[in-house]
1. Filter the range 24-37 for residues that are of a type outside the set (Lys, Arg) and within 15 Å of Ala74 (Cβ to Cβ); which is nearest to the chain's Cα centre (by Cα)?
2. So which residues in the range 10-50 are outside any helix (DSSP H, G or I) and surrounded by fewer than 16 Cβ atoms within 10 Å (Cβ to Cβ), if there are any at all?
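Derivation of every value follows stated rules applied to the coordinates shown; laboratory data play no part. It should be emphasised that the depicted structure is a prediction, and the values quoted were computed from it without experimental measurement. With ideal geometry, Cβ positions are generated from the backbone for all residues, glycine too; neighbour counts draw on all protein chains shown.
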Amino acid sequence: MDRPVSTAAMTEQDRRISEIVVEERSRLRNFIRRRVPDPADAEDIVQEVFYELVEANRLLMPIEHVTGWLFRVARNRITERFRKEKGDSFSDAGRENEEGKRMHLEDVVPSVDGGPEALEFRNRASD
């Protein structure tokens with residue numbers, strides 16, 4: 001039967017990473033959850049951040065301030081996640097009318113050339 005690897009058998013670097021994960025996991029998760037509404041997405045980001053820490057360690061990248069580095073990586077991952085999830089533009093959005101024809105926002109909002117009332121409507125709609 002295989003025994004789990006004991007802490008004594010881990011290298012010093014692996015032990016240090018384990019300590020960092022234990023020390024920073026809660027703070028990092030709370031930081032991310034305040035910025036990411038979906039708890040599953042937040043947990044994914046936490047995992048990605050710690051994965052990057054392990055990779056940086058394996059590549060012998062010097063990290064002077066680990067806590068600051070973790071939070072910077074977390075902010076970058078959050079930004080990337082929101083960029084990926086960025087919704088469709090209003091031009092891409094649309095619904096079908098009664099005839100089954102797809103209508104876009106441009107079909108509903110008056111033209112810029114429609115005069116002062118159309119311009120006023122567009123300005124209020126954009127606000």
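1. Checking each candidate, the answer is Val36.
2. Met10, Thr11, Pro37, Asp38
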